[in-house]
Amino acid sequence: MSDVVDDLAEGFRPHPADAAARYRDAGIFAEAPLWHLLERAATRRPDAPGLTDASIDGPTTLTFAELHDRVRRRAAGFVAAGLVPGSRVILQQHNSAEFVITFFGLLRAGIVPVMTLPAHRIAEIAHLAAGSGAVAYVTEDGRRGYDHRELAAELQSRIAEVRSVFVAGDPGTHQPLPDADPAETGLPAATDTDPDTPALFLISGGTTGLPKLIARTHNDYAFNARRSAEIAGFTADDTYLVALPGAHNFPLCCPGMLGIMWASGHTIVTDDPSPDNTFDLIEQHRITATALVPALAQVWCAATEWEPADISSLRLLQVGGAKLAEPDAVALDAALGDVVQQVFGMAEGLICYTRLDDPRDLVHRVQGAPMSEYDEVRVVDEDGDDVPDGVDGELLVRGPYTIRGYYRADDHNARSFTPDGFYRSGDRVRRLPSGHLAVTGRIKDTIVRAGENVAADDVEENLLAHPSIRAAAVIGLPDDSLGERICAAVVLSHEHPRDEELALPQVRAFLTDRGLASFKLPDSLVVVPGLPVTAVGKIDKAALRESLG
Ligand code: OOB
């Protein structure tokens, strides 16, 4: 093993040998590098459309053979640039063909990409570069409204180990994305990769503190893609739209781009998820499946009222990343024809899906059931004891594609994992006898008001039932006499009369009518044009607290 491969292993927590053997015996681990997914498609369907770039760089379509060739050239480019297997590289590009080619190019060269999102800025990028030991940064020019070349310069001034910067588009003072002839540079053989080592790093989705690094192995991530594709019923006839940032686990691998490639279906990438743009793409390419966060799904649902495009090809609309309110799930099914699949997942591993043959009313009410029979899910109380089905508790999980620890983060790991290797998700869930999970909030997302614990989610759900409220976030703000007071930030719906104010007493009366206890009623109400969101589009309460606190 090279020094670099040794260094990659430093701080990575693999499955214990007995668990790994069990997954291997069960056929869950395919024992191949992750890039085999693409090679397989290029072998099976070389002339089929593999990737269409519908971003501002496009439109262009590559067959699987063409994509595979571009990927091998990109991989050779990285080899020629001196990067060696096991090196970590920060990848930060918007959805485009170049993003996909770079991603697979890195994998093909045995290099381990750190999958940052376009909205990340220097604080996160520098933290992730230092934490992963990255030696290079791959990004893009300023055509999408933010100049990542400047971030690159700042990154290099802070972290000397980041020796190279490669830029898609106009590189400025940096290097362009590299390409070379693989016949001249050579590429690693499949057998050079230990499939139980990290293939890529995902970024934890938490909204508190700096993100953590999540090492996913070739074996576990390929299983994630395959099993997800199976549950989504993907075949070579499917066309999947990457509308969320492609570096996020959901559009990347649940089943996402990797799942559709496993099925040898067609991927369309866009850097503009608005219905204005995407509805035309759905019509034009007969797109059959995509993934959205709830806030975006709401926008799509409303747009079906006025967008003229024919989107009837869409058979699967996955919604996840945050809780999809039941009325929204019902409205989406009604507007689009029973297409919703709820997805409750996490970069750390566990993915839950509602199944295609679940009754629609169940699909509207729950966030899904674990994708694998090898997922070990526990729901526990504050003492760590299992609670019965139907009772709220914290979700703990262990399984073939769930990490055993964050990368190089011993302190966090002592808190975030049980001694026997379960990940403490921090999610409050309730399990049905059928195995489906309903997410009821975050364990820590409670407001302590005058000594009473109030779950933010409980208040939010009731607020959303108000016809004038389209989105709501409830937070605790410091208060001298109460300890914390309950503040509700709401976005008005289109049904709310334009010239009328939505007043606190009105809202409190509405909540009281719905049977909400008086100590849970908001102490203040703020009407906002929109709620702040994280890099992937989830409501960002930390940012809200900062702006309202
Ligand atoms: C996905 O992954 P992350 O890592 O960005 O965020 C994970 C967290 C979960 O622990 C949970 O708190 C929340 O996001 N979450 C949901 C949810 N899906 C995720 N909360 C309620 N309902 C849902 N359906 O967000 C992610 C990864 C893969 C697939 C889908 C989502």
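Key figures
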{"item": "Ellipticity estimate at 222 nm from DSSP helix runs (n ≥ 4, -39,500 (n - 2.57)) divided over the chain, nearest 500", "result": "-9500 deg cm²/dmol"}
{"item": "Amide H contacts under 5 Å for residue 246, placed H, 5+ residues apart", "result": "95"}
{"item": "Rel. contact order, % - alpha carbon contacts under 8 angstrom, at least six apart, the range 352-473", "result": "20 percent"}
{"item": "For residue 148, solvent-accessible area (1.4 Å; no DNA, RNA or ligand), Å²", "result": "0 Å²"}
{"item": "Where the range 136-199 is the region considered: accessible area per residue in Å², 1.4 Å probe", "result": "49 Å²"}
{"item": "GluC sites (Glu not before Pro) restricted to DSSP loop in the range 31-77 with at most 16 other C-beta within 10 Å", "result": "31"}
{"item": "Computed FRET value (nearest 0.05) for residue 3 with residue 130, which takes r as the C-beta separation and R₀ as 25 Å", "result": "0.85"}
{"item": "Magnitude of the charge dipole, the chain, Cβ model with Lys/Arg +1 and Asp/Glu -1, debye to 20", "result": "540 debye"}
{"item": "Accessible-area ranking of 262, 306, largest first, probe 1.4 Å", "result": "306, 262"}
{"item": "The range 460-549 - share of DSSP beta bridges that are antiparallel (%, nearest 5)", "result": "75 percent"}
{"item": "Percent antiparallel among DSSP beta bridges (both partners in the chain, rounded to 5)", "result": "55 percent"}
{"item": "Tensor-based shape of the range 1-130 (alpha-carbon gyration tensor, a/c under 1.5 rounded, otherwise prolate or oblate)", "result": "oblate"}
{"item": "Nearest-ten-degree value, helix 275-285 long axis tilted from longest Cα axis of the chain", "result": "50 degrees"}
{"item": "Cα centroid separation - the range 1-49 against the range 95-124, whole Å", "result": "18 Å"}
{"item": "Gap separating the Cα centres of the range 341-371 and the range 497-515, nearest whole Å", "result": "33 Å"}
{"item": "Cβ-derived FRET efficiency at R0 41 Å, residue 513 paired with residue 542, nearest 0.05", "result": "0.80"}
{"item": "Solvent-accessible surface ranking, highest first, for 352, 301 at 1.4 angstrom", "result": "301, 352"}
{"item": "Mean separation of Cα contacts under 8 Å, 6 or more apart, over the residue count of the chain: relative contact order %", "result": "11 percent"}
{"item": "Accessible surface ranking that places the most exposed of 146, 406 first, with a 1.4 angstrom probe", "result": "146, 406"}
{"item": "DSSP beta bridge pairing in the range 394-549, given as percent antiparallel to the nearest 5", "result": "85 percent"}
{"item": "Set of lysines with alpha-carbon distance to residue 538 below 19 Å, sequence-local pairs under 8 removed", "result": "212, 323, 444"}
{"item": "Sequence-separation-based contact order of the range 289-415, relative, with Cα cut under 8 Å and 6+ spacing, percent", "result": "17 percent"}
{"item": "Dipole magnitude (debye, nearest 20) for the range 111-242, charges at Cβ of Lys, Arg, Asp, Glu", "result": "540 debye"}
{"item": "Backbone HN-Hα couplings from phi across the range 495-503 [Karplus 6.51/-1.76/1.60, Hz, Gly and Pro as x]", "result": "6, 6, x, 4, 8, 10, 8, 9, 9"}
{"item": "Cβ crowding within 10 Å averaged over residues, with 396-403, 330-337, 137-144, 13-20 ranked highest first", "result": "396-403, 137-144, 330-337, 13-20"}
{"item": "Size of electric dipole in the range 1-53: Cβ of Lys, Arg +1 and of Asp, Glu -1, about Cα centre, debye, nearest 20", "result": "400 debye"}
{"item": "Residue 391 - accessible surface, heavy atoms, 1.4 Å probe, Å² rounded to 10", "result": "60 Å²"}
{"item": "Computed accessible area, residue 541, all protein chains, 1.4 angstrom probe, square angstrom", "result": "30 Å²"}
{"item": "Computed over the range 121-231, the ratio Rg/Rh where both radii use C-alpha atoms and Rh is Kirkwood", "result": "1.02"}
{"item": "Per-residue ³J(HN,Hα) for the range 114-127, Karplus 6.51 cos²θ - 1.76 cosθ + 1.60, θ = phi - 60°, Hz, x for Gly and Pro", "result": "9, 8, 7, 9, x, 7, 5, 10, 3, 4, 6, 4, 5, 4"}
{"item": "Gyration tensor (alpha-carbon) shape descriptor, the range 427-506, a/c threshold 1.5", "result": "oblate"}
{"item": "Placed amide H near residue 441: partners under 5 Å, 5+ positions off or other chain", "result": "428"}
{"item": "For the chain, radius of gyration divided by Kirkwood radius, i.e. Rg to Rh on alpha-carbons", "result": "0.96"}
{"item": "Alpha carbon centroid spacing (whole Å) that separates the range 422-490 from the range 234-285", "result": "32 Å"}
{"item": "Amide H partners (placed H, <5 Å) of residue 417, local residues excluded", "result": "424"}
{"item": "Rounded percent of accessible protein surface that carbon and sulfur make up, the chain, 1.4 Å probe", "result": "50 percent"}
{"item": "Added length on full extension, which subtracts the Cα-Cα distance from 0.36 nm per residue, residue 376 to residue 69", "result": "106.5 nm"}
{"item": "Prolate/oblate/rounded label for the range 171-217 (Cα gyration tensor, a/c 1.5)", "result": "oblate"}
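The values are calculated or read from the model by the stated rules, or taken from the named source; none is laboratory data. Everything numeric in this text was worked out from a predicted model, so none of it was measured. Because the Cβ atoms are built from the backbone with ideal geometry, glycine has one as well, and the counts that use them run over all protein chains shown. Remember, those area values only see protein heavy atoms, side chains included, never the ligands or the DNA or RNA. Shrake-Rupley method; radii C 1.70, N 1.55, O 1.52, S 1.80 Å.
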